[in-house]
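Structure record follows, encoded as structure tokens.
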Amino acid sequence: MTESPSWLGTRRVRLESCESTNDEAHRLAVHGAEHGTVVIARTQSAGRGRQGRAWYSPPGQCVYLSCIVRPSLPPANVPLITLAAGVAVCDAVNFYGAGASLQWPNDVFVGHKKIAGALTEMHSKGHQVDHVVLGIGVNVTVTVFPPELSDIATSLVLCANTEAGVVDVAERLLHELEPRLDALLSRDTESIRSQWLERAGLPRQVMTERGPGTAVDLTDSGALVVVDPAGARYEIVSGNVSCQWEQR
Ligand code: BTN
């Protein structure tokens, strides 16, 4: 049994169904919900992924949760929350033997299939961060994905010898996430950077919006450093990066 986290998820809102736990968490945050509030749903009718993609959300087979974080961080440091989430999710699925690694910024892959992802949405008041909604999805007991996902998605039950259910994985996830957020909120950005690098297996061949390259490092602010085939270095702060084997 995993120990309960001390602040993250002390207040939980459990829903049978919603459009998106990120939207519910944002709505609660606007009405004053406290730092660390977690919204968990059994299913989502309009789950969202990064870059406007839909997130497959069948009932009872995956974790769908969103955390309200009220960080005393400058907006420029908020992307590091995304990386911290990636580290936590990667460790949560590896606790059950998934053998996952990270792809920038926070996609969690087992081999060439994605098992989990996180969507960080920042909401500001003036120049200050008011709250961040950190939404995480983990595929847990899905055995058959829709045809359009079957080559690119996997679940814990498909890649690890575990009988863990959605509730166990959600608890494990919050347990892994809290210390990573604590580190970040106390400005220990270097520990998040180094933990992310350990799980990303760089250098790695990637395809970015500028073409093929080699991902070699992560900057202090969480940008990916890529070297193009001519040897020029550049940084990616947003957008899409995929490993080259995904392009085949
Ligand atoms: C991605 O990898 O593209 C991010 C996926 C994030 C999915 C989660 S599921 C819970 C929360 N609610 C959403 O609508 N999205 C996030």
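What follows is calculated from the coordinates using simple rules that are stated; it is not laboratory data. This structure is a prediction, so every number in the text was calculated from the model and none was measured. Here the Cβ positions follow ideal geometry from the backbone for every residue, glycine too, while neighbour counts run over all protein chains shown.
Before anything else, pin down the relative contact order of the chain: Cα pairs under 8 Å, at least 6 apart, normalised by residue count, whole percent. The partial results should precede the final answer.
Working: 518 pairs, mean separation 44.2, N = 248.
RCO, the chain: 18 percent.
Where in the stretch 15-107 are there GluC sites (Glu not before Pro) that are in a DSSP coil and have at most 15 other Cβ atoms within 10 angstrom of their Cβ?
Numbers: sites: Glu16, Glu19, Glu24, Glu34; in loops: Glu19, Glu34.
Sites meeting the loop and neighbour criteria: Glu19, Glu34.
How big is D, in µm² s⁻¹, for the chain by Stokes-Einstein at 10 °C and 1.306 mPa s if Rh is the Kirkwood radius over C-alpha pairs? Walk me through the numbers on the way to the answer.
Numbers: Rh = 18.2 Å.
Estimated diffusion coefficient is 87 µm²/s.
Relative to the Cα centre, what is the charge dipole magnitude of the stretch 95-248, using +1 at the beta carbon of each Lys and Arg, -1 at the beta carbon of each Asp and Glu, and rounding to the nearest 20 debye? Numbers along the way, then the final one.
Numbers: 12 positive and 20 negative charges, 65 e Å.
Computed about the Cα centre, the dipole is about 320 debye.
Using only alpha carbon pairs under 8 Å that are at least six residues apart, calculate the relative contact order of the stretch 27-139 and give it in whole percent.
Working: 196 pairs, mean separation 31.4, N = 113.
In percent, rounded to a whole number, it is 28.
So what is log10(I(q)/I(0)) for the stretch 126-168 at q = 0.22, 0.25, 0.28, 0.30 1/Å, when the Debye sum runs over its Cα atoms only?
The computed values of log10 I(q)/I(0) come out as -0.78, -0.92, -1.04, -1.10.
Would you work out which of Ala54, Leu80, Cys67 lies farthest towards the positive end of the dipole of the stretch 1-84? Charges go on Cβ: Lys and Arg +1, Asp and Glu -1.
Ala54
Placing +1 on the Cβ of each Lys and Arg and -1 on the Cβ of each Asp and Glu in the stretch 91-248, which of Leu181, Gly111, Ser221 has its Cα farthest towards the positive end of the resulting dipole?
Gly111
For the stretch 128-238, what does the alpha-carbon gyration tensor say about shape, rounded, prolate or oblate, given a ≥ b ≥ c as the root eigenvalues, a/c under 1.5 as rounded, and a/b over b/c as prolate? Write down the numbers at each step before the final one.
Details: a/c = 2.19, a/b = 1.25, b/c = 1.75.
Oblate is the answer for the stretch 128-238, as a/c is 1.5 or above yet b/c matches or exceeds a/b.
Would you mind ranking Leu8, Leu173 by Cβ crowding within 10 Å, fewest neighbours first?
Least to most surrounded, the residues fall as Leu8, Leu173.
Kindly put Cys159, Cys18, Cys67 in sequence by how many other C-beta atoms sit within 10 Å of each C-beta, fewest to most. Could the numbers behind the result be given before it?
Details: Cys159 19, Cys18 24, Cys67 29.
Fewest to most other Cβ atoms nearby, the residues stand as Cys159, Cys18, Cys67.
Treat the stretch 65-184 as a sphere of radius equal to its Kirkwood radius over Cα pairs and apply Stokes-Einstein at 25 °C in a medium of 0.890 mPa s; give the translational diffusion coefficient in µm²/s, rounded to a whole number. Show your work: numbers first, answer last.
Numbers: Rh = 14.8 Å.
After rounding, the answer is 166 µm²/s.
Can you compute the helix-only [θ] at 222 nm over the chain? Use -39500 (n - 2.57) per DSSP H run of at least 4 residues, normalise by all residues, nearest 500 deg cm²/dmol.
Numbers: 5 runs with 63 residues, N = 248.
Computed ellipticity for the chain at 222 nm equals -8000 deg cm²/dmol.
With a cap of 14 neighbouring Cβ atoms within 10 Å, and only residues DSSP puts in a loop, list the chymotrypsin sites (Phe, Trp or Tyr not before Pro) found in the stretch 2-87.
Numbers: sites: Trp7, Trp55, Tyr56, Tyr64; in loops: Trp7, Trp55, Tyr56.
Counting only loop positions with at most 14 other Cβ atoms within 10 Å, the chymotrypsin sites (Phe, Trp or Tyr not before Pro) in the stretch 2-87 are Trp7.
Can you list which of the trypsin sites (Lys or Arg not before Pro) found in the stretch 4-96 are DSSP loop residues with at most 12 other C-beta atoms within 10 Å?
Arg53
Using a ≥ b ≥ c from the Cα gyration tensor of the stretch 41-113 (square roots of the eigenvalues), is it rounded, prolate or oblate, where a/c under 1.5 gives rounded and otherwise the larger of a/b and b/c decides, a/b for prolate?
Details: a/c = 1.69, a/b = 1.17, b/c = 1.44.
The shape class here is oblate.
I need the peptides 109-116, 68-75 ranked by packing, meaning the mean over residues of other C-beta atoms within 10 angstrom, with the highest value on top. Walk me through the numbers before you get to the answer.
On the way: 109-116: 20.9, 68-75: 17.1.
Result, highest mean first: 109-116, 68-75.
How many nm is it between the label spots at Met207 and Val144, if each spot is 7 Å from the Cα in line with the beta carbon?
About 3.0 nm separates the two model spin labels.
Quick one: grab the alpha carbon gyration tensor of the stretch 157-216, order the square roots of its eigenvalues as a ≥ b ≥ c, and give me rounded if a/c is under 1.5, else prolate or oblate depending on whether a/b is larger than b/c.
Values: a/c = 2.93, a/b = 1.29, b/c = 2.27.
Cα axes put the stretch 157-216 in the oblate bin.
Quick check on the exposure proxy: order Leu185, Leu65 from fewest to most C-beta atoms within 10 angstrom.
Values: Leu185 17, Leu65 26.
With the sparsest Cβ surroundings first, the list reads Leu185, Leu65.
Determine the equivalent ellipsoid of the stretch 2-84 by diagonalising the alpha-carbon gyration tensor, then write out the semi-axes as square roots of 5 times the eigenvalues, largest first, rounded to whole Å.
Result for the stretch 2-84: semi-axes of 21, 17, 13 Å.
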